[in-house]
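For reference, the structure discussed in these notes is given below.
The values are calculated or read from the model by the stated rules, or taken from the named source; none is laboratory data. Because the structure is predicted, anything quoted here is derived from the model rather than measured. With ideal geometry, Cβ positions are generated from the backbone for all residues, glycine too; neighbour counts draw on all protein chains shown. All accessible areas refer to the heavy atoms of the entire protein, side chains included, with ligands and DNA or RNA removed. Shrake-Rupley method; radii C 1.70, N 1.55, O 1.52, S 1.80 Å.
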2 protein chains.
Amino acid sequence: MRGAHDAVTMRIPVPDLRQWAQTVFMRVGVPREDAAIATHVLVDADLRGKHTHGVSRVPLYVGRLERGLIAPRPEIVFDNPKTPTMIRMDGGNGLGPVVAWKATERVTEGARAYGIAAVAVRHSNHCGAMHAYCLHAASQGLILLALTNSPPGIAPWGGRKAFLGTNPIAWGFPRGPRQAPLLIDLATSVVARGNIIQAARLNLPIPLGWAIGPDGVPTTDAEQALEGAVLPIAGAKGYALALAVEILSGLLSGAGIGPNVKNPYTDNTHASNVGHFFLAIDPETLMPEAELADRMNGLEQALRAVPPSSDGPVALPGDHSEMVFKENLQYGVPLDLHLLDELNALSERLDIGGLGP
Amino acid sequence: MRGAHDAVTMRIPVPDLRQWAQTVFMRVGVPREDAAIATHVLVDADLRGKHTHGVSRVPLYVGRLERGLIAPRPEIVFDNPKTPTMIRMDGGNGLGPVVAWKATERVTEGARAYGIAAVAVRHSNHCGAMHAYCLHAASQGLILLALTNSPPGIAPWGGRKAFLGTNPIAWGFPRGPRQAPLLIDLATSVVARGNIIQAARLNLPIPLGWAIGPDGVPTTDAEQALEGAVLPIAGAKGYALALAVEILSGLLSGAGIGPNVKNPYTDNTHASNVGHFFLAIDPETLMPEAELADRMNGLEQALRAVPPSSDGPVALPGDHSEMVFKENLQYGVPLDLHLLDELNALSERLDIGGLGP
């Protein structure tokens with residue numbers, strides 16, 4: 001068995017990967033514009049080295065589109081029953097990235113008009129890596145908090161059965177027109193469940209401390225971990241944060257909560273009913289754009305000037321993924337050969353061109 | 001040396017403790033109404049067992065009031081340059097609990113009127129335990145996110161010198177008129193700096209894994225830890241969360257950032273210039289109060305029904321502090337004798353009645 005870092009990979013040029021993903025989505029009935037959104041979100045994750053949230057999810061999404069468990073042409077409904085700043089959205093069981101992207105567009109419009117706005121989204125699906133939405137908003141000068149719930153991953157504190165999702169918290173902060181936004185994106189579990197799914201797919205063990213099996217005992221077996229629970233970050237603190245995300249994304253939106261968010265890998269009869277909560281702030285309501293950029297750059301410089309520890313120099317969130325992004329954009333996205341086989345089996349079944357030589 | 005749990009304590013009846021703190025604050029020039037607010041916030045922390053954020057802070061606050069480093073009658077200024085939903089507040093260097101309480105009142109008014117509102121606060125001071133503000137807002141049916149920065153506590157990832165505060169994140173969620181709100185309140189450091197200050201005061205060692213000394217090496221010496229850095233929760237993830245809190249509380253508000261937030265224990269010449277960021281949401285913009293209460297109770301019941309681990313049964317955030325609250329309200333707040341000596345020395349100096357028999 002190879003370790004995860006020894007996996008043999010092949011670099012796929014980015015235009016080829018985009019073309020492929022877009023063609024796949026359109027082949028199963030997704031309109032061109034929506035296929036482009038889903039492709040953008042997934043390929044951007046691969047570009048930043050987050051392969052667990054990249055095109056590795058395409059077979060899952062396609063399988064559920066084909067089974068009628070995700071709507072290719074969702075009827076998306078927004079309403080603001082009380083105030084234009086607090087928006088409810090029914091995602092119509094569309095592709096997660098499409099629903100989440102449209103939620104982002106709507107909430108950023110709200111923030112531009114009113115300074116701050118939030119959208120609570122029900123009837124959505126797995127929406128990829130949250131940083132994509134933060135990047136989209138922050139590139140327009142807006143701060144975004146992006147939250148989503150997900151199928152049970154984390155056991156409640158004192159419990160042995162997964163209940164809460166691995167509920168990520170993502171923030172995007174603009175740094176002015178000439179600099180990429182600062183992106184923060186983290187699961188409230190020790191690892192994203194995608195890493196365990198990836199390990200299970202590659203038949204690799206997982207480190208002790210990531211998860212417990214269904215018996216509540218720590219395990220290194222990825223399959224057992226998927227049946228058990230991932231551990232929250234920082235013990236009870238991570239549990240509390242995951243709970244806050246569940247309340248905001250699931251409970252306030254009217255989406256599924258806990259086990260009522262269906263696992264798309266194991267439940268082949270129900271829609272997932274994932275919920276999201278996005279909150280956008282226009283920082284120009286507090287200070288001019290140039291002052292914000294100055295202060296953000298000043299903070300970055302001050303952080304980078306802190307004397308290094310043995311693990312130094314000082315890093316900012318996103319440093320690594322920005323470096324990987326540039327490399328992958330130039331040389332292509334490295335996909336492991338197991339995944340490539342899976343994607344090409346899908347290509348063959350859908351009768352479209354495959355990936356790679 | 002005694003361990004922390006062996007500290008000899010004496011229970012002080014709550015009315016006595018409140019009367020004492022209020023008298024102290026008024027004695028050094030704080031108006032009655034503001035003294036009552038500061039007293040409420042500090043004693044509520046003691047009631048919930050968070051003694052590091054309780055009346056143990058009174059001597060610090062008083063010392064700075066006396067030295068002119070905190071304004072007893074602050075000139076507080078609100079403005080909304082662009083929109084009524086995004087509020088700027090200059091705390092006028094008032095007592096932190098007074099400034100934060102008034103920020104909470106203003107932002108909850110905003111959320112009631114517009115569905116959602118935020119306030120960015122500059123020129124404030126240490127404001128006690130954040131849950132107090134969440135409780136205040138949630139008791140009125142509003143969700144509150146309460147953030148504050150604080151003097152350097154956490155080193156940036158890859159650095160060896162404290163830069164970011166231990167920057168807590170607190171959420172309050174209403175559970176309908178008949179139930180106490182759900183309160184989440186956690187430092188983004190492994191421990192609140194208050195615990196290390198407390199250990200240093202009691203001359204107790206701290207556990208390995210809480211902090212590094214000024215040389216970047218892990219330490220069990222509380223004094224060394226105060227000169228070094230507290231470790232963030234969950235490694236780089238906690239660092240990222242602390243950074244988000246610093247940006248929202250310090251950078252957006254125009255308050256101090258990093259080392260420009262002055263440590264009130266060691267800097268006797270500058271105002272602290274702490275920043276806060278409070279965000280309130282009216283959940284009735286999304287669903288009726290009764291439905292929210294039903295959903296919150298349903299979530300709680302479902303969580304508590306999860307089979308217990310060996311650390312079970314399942315707990316919700318705030319369970320422990322709610323139990324301690326009821327006990328302390330009935331029997332009095334247990335204060336350790338070292339602290340009681342310190343508070344009574346202050347009473348004597350201010351020529352007011354002391355605490356205890």
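Within segment A:260-287, being assigned to a loop (DSSP other than H, G, I, E, B), touching a His at 6+ places or on another chain (Cβ under 8 Å) and open to solvent by less than 10 Å² (accessible area, probe 1.4 Å) holds for one residue alone: A:Ser272. Among the residues of this structure, A:Asp341 counts as one that is open to solvent by 20 Å² or more (accessible area, probe 1.4 Å) and either closer than 30 Å to A:Pro152 by Cβ or at pLDDT below 95 (or both). Close Cβ contacts (under 8 Å, 6 or more residues apart or on different chains) running from residues in segment A:99-123 that are under 17 Å from A:Ile76 (Cα atoms) and assigned by TED's automatic domain parsing to the domain that holds A:Glu33 to residues that are open to solvent by less than 10 Å² (accessible area, probe 1.4 Å) and not hydrophobic (A, V, I, L, M, F, W, C) are absent. Considering segment A:82-131, the residues that are touching a Gly at 6+ places or on another chain (Cβ under 6 Å) and aliphatic (A, V, I, L, M) include one that is surrounded by the most Cβ atoms within 10 Å (Cβ to Cβ), namely A:Val121. Per the conditions (1) open to solvent by 10 Å² or more (accessible area, probe 1.4 Å); (2) closer than 24 Å to B:Pro72 by Cβ, the sole criterion not satisfied by B:Arg160 is (2).
Selection over segment B:66-81 of residues that are modelled with pLDDT of 95 or more and surrounded by fewer than 20 Cβ atoms within 10 Å (Cβ to Cβ) gives a count of 9.
For every residue, the table says whether it meets (1) within 22 Å of B:Ala100 (Cβ to Cβ); (2) modelled with pLDDT under 95; (3) within 14 Å of another protein chain (Cβ to nearest Cβ).
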{"residue": "B:Leu147", "(1), (2), (3)": "yes, no, yes"}
{"residue": "B:Trp157", "(1), (2), (3)": "no, yes, yes"}
{"residue": "B:Phe163", "(1), (2), (3)": "no, no, yes"}
{"residue": "B:Asn167", "(1), (2), (3)": "yes, no, yes"}
{"residue": "B:Gly176", "(1), (2), (3)": "no, yes, yes"}
{"residue": "B:Ile184", "(1), (2), (3)": "yes, no, yes"}
{"residue": "B:Ser189", "(1), (2), (3)": "yes, no, yes"}
{"residue": "B:Arg193", "(1), (2), (3)": "yes, yes, no"}
{"residue": "B:Ile197", "(1), (2), (3)": "yes, yes, no"}
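Taken over segment A:5-32, the criterion of being in a helix (DSSP H, G or I), β-branched (Val, Ile, Thr) and surrounded by fewer than 16 Cβ atoms within 10 Å (Cβ to Cβ) is satisfied by A:Thr23 alone. For segment A:33-139, the strands (runs of 3 or more DSSP E) that sit wholly inside it and include 1 or more residues that are under 15 Å from the mean Cα position of the chain (by Cα) are A:116-124.
Which condition from (1) under 25 Å from B:Ala180 (Cβ atoms); (2) more than 12 Å from chain A (Cβ to nearest Cβ); (3) not aromatic (Phe, Trp, Tyr) is the one that B:Pro264 breaks? The number of the failed condition is (1). Of the residues making up segment B:288-332, those that are outside any helix (DSSP H, G or I), surrounded by 13 or more Cβ atoms within 10 Å (Cβ to Cβ) and either more than 7 Å from every other protein chain (Cβ to nearest Cβ) or touching a residue at least 60 places away in the same chain (Cβ under 8 Å) (or both) are B:Ala305, B:Leu316, B:Pro317, B:Gly318, B:Gly332. Could you tell me whether B:Leu299 is assigned by TED's automatic domain parsing to the domain that holds B:Ile12 and over 19 Å from the mean Cα position of the chain (by Cα)? When the stated conditions are applied, B:Leu299 does not pass them. Within segment A:181-204, being touching a residue at least 60 places away in the same chain (Cβ under 8 Å) and closer than 21 Å to A:Leu340 by Cα holds for A:Gly194, A:Asn195, A:Ile197, A:Gln198, A:Ala199, A:Arg201, A:Leu202, A:Asn203, A:Leu204. Screening A:Arg32 against (1) in contact with an Asp or Glu (Cβ under 7 Å, 6 or more places away or on another chain); (2) without any contact (Cβ under 8 Å) to a residue 12 or more places away in the chain leaves a single unmet condition, (1).
May I ask you to verify whether A:Pro152 is in contact (Cβ under 8 Å) with a residue 60 or more places away in the chain and part of a loop (DSSP other than H, G, I, E, B)? So A:Pro152 fits the description; yes. Looking only at residues in segment A:241-256 that are out of contact with any Phe, Trp or Tyr (no Cβ under 8 Å at 6 or more places or on another chain) and of a type in the set (A, V, I, L, M, F, W, C), the one that is nearest to the other protein chains (Cβ to nearest Cβ) is A:Leu251.
Restricting to segment A:118-137, count the residues that are among the aliphatic types (A, V, I, L, M) and either within 12 Å of chain B (Cβ to nearest Cβ) or more than 20 Å from A:His40 (Cα to Cα) (or both).
4
Looking across segment B:132-144, just one residue is open to solvent by 10 Å² or more (accessible area, probe 1.4 Å) and within 19 Å of A:Lys237 (Cα to Cα), and that is B:Leu135. Can you pull out every residue in segment A:277-287 that is touching a Gly at 6+ places or on another chain (Cβ under 8 Å) and more than 8 Å from chain B (Cβ to nearest Cβ)? Listed by number, the list holds a single entry, A:Ala280.
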